[in-house]
Every structure is written in C-alpha cells, then in structure tokens.
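Okay, so here's the structure we're looking at.
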Amino acid sequence: MTTTDSERATSTTGPVRDVTRARLPSPTNPAVASLGQLRSNRARSGPSRVVDGRPTAQVEEVLRSLPSHGWPAGWIGRRDRALLVLAELAGLRFEQIASIAARDVTITGGVATIQTEGGTTVLRGVDDNLLCGPCALARWVHALDLTVVYPDGRVIAAVIARAVPLHSDSPHLCHSNNSITELTGKVALLPPIDKWGHPIREVPPLVLTRTAGSRGVGARPLTGGGSGAGLTVSADTAGRIRGLEVRLTELLDRGSGD
C-alpha cells in the first residue's frame, strides 16, 4: 500500500466524526476464503483494446465537480469518480463493473489496465489530474485498501478528511506504485454502499455466467446498460447492477445542464 504525502495514515487520537461501519470479514470468512477459487475459474481472456482517456464535455463537468477530500464527501466523490471512469471513459458495461475485483485493475506508467469478463481494457491518462482516469482509479483503490487494512473506519475517515484538495496540476498517482494488500485484491472494486456512503464490503465481486453470443469488452450500450446480452444474472445481481446504473444516471444529470 502506498500513499501520497497528503494521504498518509496519521494518528487518529484527535476528534473524528462518528464513523460506525461493519468490520471487514477476516481472511478465514467463508465469503472471502471461497472467493479466490471462484475468481480463479473466471475467464479473463479476450480481446484487448486501448482507450483514449479524454472525457466528453458532460463527463468533464461532472469530474471537475467531484470532491476527493473531506469526510464523507471525499469518500463518496472518489467512488463516484471511479464509476464515471469505468463506465464513461473505459466504456465498460454495468455488469462488467460490478464483477471487477480490486486486483483486476493495474495502474502504472500513466495507464490503467482493467481485466473484465469481455477482455482487457487499457485506459490512457491525461495531463489534467481532475480528468485523469488512471489517477481516479488509483485514488479510489488506495482508499479501498485503507478500509481493509484499518477496518474500524477511523483511519480512512481521518485520511480523507485531511487530504489536500485535488487540482488539475496535482501529482499523478498513475505513475506511482499502486500496490495493494492481497485481501484488498479480493474485494469488489466498487462495493455497494449504504445510505451513508459506507461500503458493504461483505459482498464479493459478482461472478457472471457467460452464455453463447455474449458481447466483447467495450460493447456497453449508450442507454439501458443493465444486464447485457450473453450474461446470466440473478435477481440480486440485477439489483446491484441497477444500483450502479442509477448512480451513474444521477451523476450525468449534474452535467446535463438541465
């Protein structure tokens, strides 16, 4: 786990807002212990594509408005930024996003490599840090890692509360060492959140069943990107996918100018 100077885990003896969250399951928890075997059976082969990381004007407006500091606004803002990057910059479908574990994303050398059921997407960064997709993913993965290493919630709250505001010329985390702990690598990259924005981390990444005629990576429709053709999902899984779709719609509405 690595941090920037503004995001180091500091002492939490000072006052911190009330943070009461469920603890992470231990590595021996059946839901976690079985996850490695489940994911080892998932296909990670398929076409590879390189994506230009420049956002549309609408997405740019939203990205510039999302906070990365302050608690809990910075936590929610980082997750929202990661969702926008995966859906709008990388062009992944919602069920693909829901199935990504933290270890499926590698960020180094200014690019993010994302492995999904449909193949591999290589997302390029841009100079403006507020718009850089790989940096947004690195910032979120770092925050997610802190919730695993320090599961009581106080450390992540203190770190994000004291983080320096993000600017266009902020240092690029996509060129740093973005390694994470082994346990963090097994959890869902975008876990469902409760009404306070806290992650429901007991839920592992979705394991999707591919059927004949499934679409490759990058085939997410512009609208109605729900379950997707060729992938079998349960009602519970569909609810999680729908949650991502609803949240993305809410974010894009901010930049619609309506």
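The values are calculated or read from the model by the stated rules, or taken from the named source; none is laboratory data. The model shown is predicted, which means the values in this text are computed figures rather than measured ones. We place every Cβ from the backbone using ideal geometry, glycine too, and count neighbours over all the protein chains shown.
Within region 120-223, which helices (runs of 4 or more DSSP H) (wholly inside it) include 1 or more residues that are touching a helix residue (DSSP H, G or I) at 6+ places or on another chain (Cβ under 8 Å), among the charged types (D, E, K, R) and at pLDDT below 95?
Numbers: elements: 133-149, 154-161, 182-186.
Passing ranges, in order: 133-149, 182-186.
Could you list all residues from region 69-90 that are modelled with pLDDT under 95 and either part of a loop (DSSP other than H, G, I, E, B) or under 11 Å from Gly133 (Cβ atoms) (or both)?
Selection gives His69, Gly70, Trp71, Pro72.
Sort out which residues of region 128-183 are of a type in the set (S, T, N, Q) and farther than 19 Å from Gly109 by Cα, and write them in order of number. Give the steps one after another, and end with the answer.
From region 128-183, those of a type in the set (S, T, N, Q) are 129, 147, 168, 170, 176-179, 181; that's our starting set.
Scanning region 128-183 gives Thr147, Thr181.
Considering only residues that are among the acidic types (Asp, Glu) and surrounded by fewer than 21 Cβ atoms within 10 Å (Cβ to Cβ), which ones fall in region 105-153? Break it down into steps so the answer makes sense when it comes.
If we filter region 105-153 for residues that are among the acidic types (Asp, Glu), which is where we start, we get 117, 127-128, 145, 152.
Selection gives Asp127, Asp128, Asp152.
Residues that are under 20 Å from Val50 (Cα atoms) and under 12 Å from the mean Cα position of the chain (by Cα): does region 177-191 have at least one?
no
Kindly indicate whether any position in region 28-36 is on the phi > 0 side of the Ramachandran plot and at pLDDT below 90.
So in region 28-36, the residues on the phi > 0 side of the Ramachandran plot come out as none.
Within region 28-36 (the criterion being on the phi > 0 side of the Ramachandran plot and at pLDDT below 90), the answer is no, since none of the residues qualifies.
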